[in-house]
Structures are given as structure tokens and as C-alpha cells.
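K.L.:
Structure in C-alpha cells, see below.
A short reminder: the numbers here are calculations on the coordinates, not readings from a lab. Remember, predicted model here, so these are calculated numbers, not experimental data. Ideal geometry is used to build each Cβ from the backbone, glycine not excepted, and the neighbour counts take in all protein chains shown.
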Amino acid sequence: MSEEQAAGAAAAGAERRPFYDVLEKHNLAPLWESLHDLVTTAPVTAAVPFKWDYDVVRPHLLEAGRLITARQAERRVLILENPGLRGQARATNSLYAGIQLVLPGEIAPPHRHTQSALRFVLEGRDGYTVVEGERTPMQPGDLVTTPSWTWHEHGNETDGPMIWIDILDVPLVALLGSGFMESSELERHPVARPAGDSSARYAQNMLPVDWRPASRASPIFNYPYSRSREALATLARNGAPDPCQGYKLRYVNPATGGSPIPTIGTYLQLLPAGLRTAPCRSTDGTLYVVVEGEGESRVGDVGFRWKPRDIFAVPSWTWHVHEASGTAVLFSASDRPVQEALCLWREERAPAGRAA
Ligand code: GTQ
């Protein structure tokens, strides 16, 4: 724009100002002033690439354990706040995440909400979550789901702390205005089914012959790490890795073929030692949890080194590469199934030679 044109535009802007003031009084606004902020040429998000170092989080979580009980807190959790979305309880655009602590002898009482939740176990063995009256023991690396509107509670009868990451679709449900929650009057939900019942029914590549799913959520509450890890180990022995993902599997609801939680996609990937992935970006902002191994990732123009139990956020449409020093395993979660259902999901893989 020439100086003359710029001056003309400024004059026209000043001339329209009184009109805008009138519009504002009537709760109206001129689209032409904000069109290209609303409808951008590519995704724009305030979320930033960020890593939460487990060595930083853990002592604060244990301090919370000294200051408040699980029962008092209802859920004793430190929320992972994306620095670009401070005060909004969001780790990515659409995902809430927090680190929960249940100490020996504690229970986190039963409640239910329309927000769907998953737990990915970071530390401790044999603590448990009860979902709809079925208790499932939790081991490191297990993915435990609590579908929308199911009663759930947590407990720990072991002699060590249980620590896991909670990932919920809280921001999405808030956007849609569809949040409900209910606390139980009961100290504990009555046990309705023996442990292992839903796994026997639904998690053995078979389904009860006359069963029809009542919802899109998976009937499986626990996807044990041992089984997923073994599958990845076999794949890594059998063939070449994908240049962007290494060996990556998605968790699945056996009744639908979709994701176990309709609003949150969940993935486990193995990066062979020394692999540097090709630059890749996709529209689903993603939260990664390091399960095994050490390495580094470059996300946009930020780089971080990671080790087991570190968590990092990759915002929507941000180029990223991962490099594993030894064999590494990453768990990840995103809103990809929502975007796919709405025909919004896109991915781009860099041509060979492009740096992230
Ligand atoms: O364990 O039910 O981190 O309801 C946030 C909300 C955990 C839970 C969270 C919840 C829970």
C-alpha cells in the first residue's frame, strides 16, 4: 500500500468509527474489520508447544498430597495449563489434562459427568478405578477409560502413591454447552460386576453374541500396556517404520472400529533407536506422554528433550519431528476423531529434506 492509499484508508476508518460505535450499542459488529481473523488461511491457535517435566510436576503433586486429601479435593489433580491458554484449564485447544495423585488408603469418591475421561498410568501398581461398578486395576502404561456419564471412582489399597494423567474433553463440552455432573451420595459405588468381566466380554476379539452397543463409547475400560507394547515390539521386528510416526497404533472400540472415547483419539507409537521422524503436521493439537526411552522433539521453533513421564503439547498445524536416542514409546491423545467425523482433519507431510 502506498503512503497515499494508507492515509486514505485511515481517513475512511475514522469516518466509519461513529457507525461502529452505534453498532456496538446494538450488539452488532462489522464483519469486514475482522473477517481475516475469523476465517484464517491456516489454523491459528493460542496454544504453544510446551513440555511439562515430570521431575518438576511430581514434587508439587506430592506437596498437594500433604495439603489436601483425595476425599476433600474430590479429585486431587494439578491441571496442565498450556502457557498460551493460561487460566483456561487447557493443555491443547480442545483437551483438558491433569496429573492425579491417590495416596495409599485413599479414595476419590464416585461421581459422573458428561465429559469423557481417560487415565494413562504414570506411577504405581494395583491402584484402581471403578467404572459403573466394575473395578479395574491400574498398572503403568495402562489406558483406562471412563466414558461420558458413567459413574467412576478411584482408590489405592497399596502402600505406594498412584499417579496418572487424566485427559478429558472438558473444553469441547464447554464449547458445546453440554456439560452435566452429578456427585454420588454413596461413599462407594456398589460393585456390580467382578473385575475382568468387561475384558472377557469385549476385549478378546469377540463380542457377546446378542449384545448391541448402547453408546459409541468403548465397553472396554482398560487397555493394558503389556498387550499394546508387545504388538509394537512385533511390528518393529517385522518391517520398516513410517517416516513420520515410527510404528504407531490407535486404540480402538471393538464394537465400532472407532476410538474408545468418541471425542478423544488415543495412540501408542514406538520410535526405534536413532530414528529421526520426517516433519509432519496435522490439525489435531496433540498431547504426548513419554512412556519409555529418551529423545528430543522439535515442535515449531521450540525444541525439548524428554524422558519417561514427561508430557508435551504439539499445537494444531505445527511442524514437528521426534528423535529417539534409544527405543522410545510415546502415548498420545488428540481430538482427531471429532475432526474426522466432521470432515475437518488434515495432515501434511514435508517433502524429503525439509527441516521442522
Ligand atoms: O477423575 O473423575 O482430572 O472428574 C478432572 C475431572 C479427573 C476424575 C480430572 C474429573 C476427574
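K.L.:
When we measure straight from the Cα of Lys307, which lysines land under 29 angstrom away, once same-chain ones fewer than 8 places off are left out?
P.N.:
Result set, ordered by chain and number: Lys51, Lys248.
K.L.:
Which cross-chain or sequence-distant (5 or more) residues have an amide H under 5 Å from the amide H of Trp151, H modelled 1.01 Å from N in plane?
P.N.:
Here Glu132 satisfy the definition.
K.L.:
Do any cysteines of the chain lack a neighbour Cys whose Cβ is under 4.7 Å away, and which are they?
P.N.:
Singleton cysteines: Cys343.
K.L.:
If you don't mind, another one. Would you mind checking the radius of gyration and Dmax of the chain based on alpha-carbon positions, in Å?
P.N.:
23.0, 79
K.L.:
Further question: Going toward the positive end of the dipole of the chain, with +1 on Lys and Arg Cβ and -1 on Asp and Glu Cβ, which of Gln204, Trp164, Ala328 do you reach last?
P.N.:
Toward the positive end, the furthest listed residue is Gln204.
K.L.:
Can I ask one more? What distance in nm lies between label points placed 7 Å from Cα along the C-beta direction at Val252 and Arg17?
P.N.:
6.2 nm
K.L.:
Shifting gears a bit: Divide by every residue of the chain the summed helix terms, -39500 (n - 2.57) for each DSSP H run of at least 4, and state the resulting mean residue ellipticity at 222 nm, rounded to the nearest 500 deg cm²/dmol. Before the final figure, lay out the partial values.
P.N.:
Details: 8 runs with 78 residues, N = 356.
So the calculated ellipticity at 222 nm is -6500 deg cm²/dmol.
K.L.:
Another question about this same structure. Identify the residues of region 56-70 with backbone N under 17 Å of a label point that sits 7 angstrom from the Cα of Ser325 along the Cα-to-Cβ direction, or state none.
P.N.:
Hits in region 56-70 for Ser325 at 17 Å: 56.
K.L.:
I would also like to ask the following. What is the distance in Å between the Cα centres of region 199-239 and region 28-44?
P.N.:
Their Cα centres are 44 Å away from one another.
K.L.:
Determine one quarter of the surface area of the Cα convex hull of region 280-356, which equals its mean projected area, and express it in nm² to one decimal.
P.N.:
Numbers: hull surface 20.7 nm².
Hull-based average projected area comes out at 5.2 nm².
K.L.:
Right, next: What FRET efficiency do you get for Asp53 and Trp32 if R0 is 45 Å and r is their Cβ-Cβ distance, rounded to the nearest 0.05? All intermediate terms of the calculation are to be shown ahead of the outcome.
P.N.:
Numbers: r = 45 Å, r/R0 = 1.01.
Using R0 = 45 Å, I get an efficiency of 0.50.
K.L.:
Quote to one decimal, in nm, the extra length available between Arg305 and Glu187 on full extension: 0.36 nm per residue of separation minus the C-alpha distance between them. Let's see the in-between values first.
P.N.:
On the way: separation 118, 0.36 × 118 = 42.48 nm, distance 4.27 nm.
Computed gain between Arg305 and Glu187 is 38.2 nm.
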